[in-house]
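J.: Take this structure first; my questions come after.
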Amino acid sequence: MNRLSRLVFSSVGSKYVMALTGLGLMIFVIAHMSGNLLIYFGKDALNAYAHGLMEHPVLLWSARTGLLAIFLIHLVFALRTWQENESARPIHYVHENTIQASWASRHMMLTGVVILLFVLYHLLHFTFGIFDPEHFKYVLEPKEGDVAGMVIAGFQQPLISASYILAQIFLGLHLWHGGSSWLQHLGWNGRGYDAVVNHVGAVVALSVVVGNCSIPLVILMGWIY
Ligand code: HEM
């Protein structure tokens, strides 16, 4: 192992990698939500945004490749950290000493696995059209390019909407802790910014949950059709 890989795989290095990849994923989630919220400006606004992305295939595929790489690195380092923590704590105490740790911070692995399953389901739904293939036709013939129509028809089904809303709660819990801990791992706490560091996760988590859940909810209520 050379010096760089020793540094990256050290416990401090792993925390930096988790923090930076977590930041990358958080930026993606906020950017993706902002794009999806264009549905409030009408179907054409969301479709124009989706078509805009498609019109720049080099940029789109570079972003997709980068996102996938960041996601996989985050996952591998999360598994390593979890494994290390487990082997450092062979005895599972009946009364765990978790006065300081929140539920979200103690269950990052669980919420992370649910997010992974959600992303796979979501890709099979809106990107590959395997779930709900009938409405995927909106992006093919005869209503070519109607991404907004596909989203609306998808969320008009209560079960699909409920599954998205449930997943956003797990995403919110993950962001609640992760959204603050990446700053702590980069050493931003204790420098007079503690109020910001401690609250940024909660603010990001609440914004993402409210923003993402609002879309299936307003569609279910028939306010967007
Ligand atoms: C209500 C919430 C959401 C809506 C309405 C939504 C909508 C969409 C749509 C329509 C697409 C396909 C875009 C296209 O092919 O033109 C898509 C792709 C995608 N979404 Fe979401 N999404 C939501 C939440 C999320 C969340 C929470 C995540 C991640 C945690 C996520 C991750 C992705 C990824 C990775 C892709 C593939 C991007 C690509 O192919 O370039 N989405 N989403």
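J.: For the chain, which span is the longest to avoid every loop-located (per DSSP) member of GluC sites (Glu not before Pro) having at most 16 other Cβ atoms inside 10 Å?
T.: On the way: sites that count: E55, E96, E144.
My reading of the result: 145-225 is the longest stretch.
J.: To the nearest 0.05, how large is the calculated FRET efficiency for S11 and L68 if R₀ is 30 Å and r is the Cβ-Cβ distance? Let's see the in-between values first.
T.: Details: r = 26 Å, r/R0 = 0.86.
Efficiency, from the Cβ-Cβ distance: 0.70.
J.: Here's something else I'd like to know. When the chain is modelled as a GNM with alpha-carbon springs shorter than 10 Å, which of V119, V200, V147 fluctuates the most?
T.: Per the Cα network of the chain with a 10 Å cutoff, V119 tops the list.
J.: For the range 33-78 and the range 143-204, what is the separation of their C-alpha centers, rounded to whole Å?
T.: 15 Å
J.: Rank W61, Y49, M18 by how far each Cα sits towards the positive end of the charge dipole of the range 1-82 (+1 on Lys, Arg Cβ; -1 on Asp, Glu Cβ) and give me just the farthest.
T.: Of the listed residues, the answer is M18.
J.: Continuing with the same structure: Under a point spin-label approximation (7 Å from Cα along Cα-to-Cβ), what is the D132-L4 distance to one decimal in nm?
T.: A separation of 4.3 nm, rounded to one decimal place.
J.: Next question. Would you be so kind as to identify all helices of the chain, as entire DSSP H runs, whose Cα atoms reach 27 Å or more along the helix's own axis and whose mean Kyte-Doolittle hydropathy is at least 0.0? List each step's numbers first, then the result.
T.: Details: long enough: 11-36 (37 Å, 1.10); 57-88 (46 Å, 0.74); 158-185 (39 Å, 0.61); 194-220 (40 Å, 1.79).
Those that pass (Cα extent of 27 Å or more, hydropathy at least 0.0) are 11-36, 57-88, 158-185, 194-220.
J.: Dimensions of the chain along principal axes (Cα, Å, largest first)?
T.: 58, 41, 36
J.: Still on this structure, please answer the following. Which part of the range 159-194 falls in the paramagnetic zone of A101, meaning amide N under 14 Å from the point 7 Å along Cα-to-beta-carbon?
T.: 177-178
J.: Mind checking the dipole of the range 132-220: about its Cα centre, +1 per Lys or Arg Cβ, -1 per Asp or Glu Cβ, Debye to the nearest 20? Present the calculation step by step, with values, prior to reporting the outcome.
T.: On the way: 3 positive and 6 negative charges, 67 e Å.
Using Cβ point charges on Lys, Arg, Asp and Glu, the range 132-220 gives about 320 debye.
J.: For L75 and A195 in the same chain, what is the full-extension length gain: residue separation times 0.36 nm, less their Cα-Cα distance, in nm? Show your work: numbers first, answer last.
T.: On the way: separation 120, 0.36 × 120 = 43.20 nm, distance 2.87 nm.
Length difference between fully extended and current span is 40.3 nm.
J.: If a paramagnetic tag sat 7 Å from the Cα of Q83 along the Cα-Cβ line, which residues of the range 4-29 would have the backbone N under 20 Å from that point?
T.: Within reach of a label on Q83, which here means backbone N under 20 Å from a point 7 Å along Cα→Cβ, the range 4-29 contributes 4-19, 21-22.
Every read-out reported here was derived from the displayed coordinates using simple, explicitly stated rules and does not represent laboratory data. Just so it is clear, the model here is predicted, and its values are computed rather than measured. All Cβ positions, glycine included, derive from the backbone under ideal geometry; neighbour counts span all protein chains shown.
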